[in-house]
Amino acid sequence: MDAAVLAGMAKWPNVPAVFGWLRLDARGQWWLREERLEHAVMVEFFNRNYSRDAHGRYYVQNGPQKVYVALDKAPFVARLEESGWRTVPYTEDDRSRTVYLTPAGELYLEIGGELALVDDRDLPAISRAFPADWDGSPAKLPATVVLAGQQLPLIVIEPAALLARYGVDCCPSAR
């Protein structure tokens, strides 16, 4: 986190949290209420000061105040680049460990112990990793798949079970 954020937290430790203002969409875009946030400096600030609490709720630490984030799908979005995976917001470890496929065809990765939805714009390139004759049946999927140069276990799972496995709360509220 930014030094100014840490200083604000120390100076004003009991500022109430905010819910219902921020959202992270399925492509890693920040939304403030119903308006997409396009101010590059603010987006970078949000990305740097993004974290998770003990209840699986994600938030941006805005000075002394936590602003909780509603998640459209997952707390991170993974983009495939030549050098490997890049996540939005950032994670410190970009090596994937497991691939998850939902019955609806959404692809998720575990990256750095966190759950990331693969950006839908990368799916056409990634589809080459799956058998050419695959008919959509989970029974015909391989046990592993090679993505970004890594052979990874492939697990078919329902979205709710996947979020529960990682303890993710997509719709945070006050406790």
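The values are calculated or read from the model by the stated rules, or taken from the named source; none is laboratory data. Keep in mind it's a predicted model, so treat the numbers as computed, not measured. A quick note on method: Cβ atoms are made from the backbone with ideal geometry, for glycine too, and the neighbour counts reach across all protein chains shown. Each accessible area value is taken on the protein alone, full model and side chains, heavy atoms only, with ligands, DNA and RNA left out. Shrake-Rupley method; radii C 1.70, N 1.55, O 1.52, S 1.80 Å.
Annotations for the structure displayed:
- Yes/no for GLY167 being open to solvent by less than 70 Å² (accessible area, probe 1.4 Å) and within 24 Å of HIS55 (Cα to Cα): yes
- Qualifying residue in the stretch 31-38 (condition: part of a strand (DSSP E or B) and under 12 Å from the mean Cα position of the chain (by Cα)): no
- Residue in the stretch 85-92 that is basic (Lys, Arg), closer than 21 Å to CYS171 by Cα and in a strand (DSSP E or B) present: no
- Residue within the stretch 136-143 that is modelled with pLDDT under 90, open to solvent by 20 Å² or more (accessible area, probe 1.4 Å), among the charged types (D, E, K, R) and over 14 Å from the mean Cα position of the chain (by Cα) present: yes
- Among the residues of the stretch 97-127, those that are in a helix (DSSP H, G or I) and surrounded by fewer than 12 Cβ atoms within 10 Å (Cβ to Cβ) comprise ARG121, PRO124, ALA125.
- Figure legend. Inter-residue proximity from the stretch 100-129: first residues closer than 16 Å to PRO153 by Cβ, second residues part of a helix (DSSP H, G or I), beta-carbon distance below 6 Å, spacing 6+ or different chains. Indicated pairs: TYR100/LEU162; THR102/PRO159.
- Count - residues of the stretch 31-49 that are open to solvent by 50 Å² or more (accessible area, probe 1.4 Å) and of a type in the set (A, V, I, L, M, F, W, C): 5
- Cβ-Cβ under 7 Å pairs, at least 6 apart or on other chains, the stretch 147-175 side without any contact (Cβ under 8 Å) to a residue 24 or more places away in the chain, far side open to solvent by 50 Å² or more (accessible area, probe 1.4 Å): GLN151/THR144
- Residue list for the stretch 50-75, filter: outside any strand (DSSP E or B) and surrounded by fewer than 20 Cβ atoms within 10 Å (Cβ to Cβ): ASP53, ALA54, HIS55, GLY56, GLY63, PRO64, ASP72
- Flag if GLY84 is of a type outside the set (Ser, Thr, Tyr), open to solvent by less than 60 Å² (accessible area, probe 1.4 Å), touching a residue at least 60 places away in the same chain (Cβ under 8 Å) and in contact with a strand residue (DSSP E or B) (Cβ under 9 Å, 6 or more places away or on another chain): yes
- Note on the stretch 128-167: residues that are closer than 16 Å to THR102 by Cα, assigned to a loop (DSSP other than H, G, I, E, B), in contact with a strand residue (DSSP E or B) (Cβ under 9 Å, 6 or more places away or on another chain) and not aromatic (Phe, Trp, Tyr) total 4.
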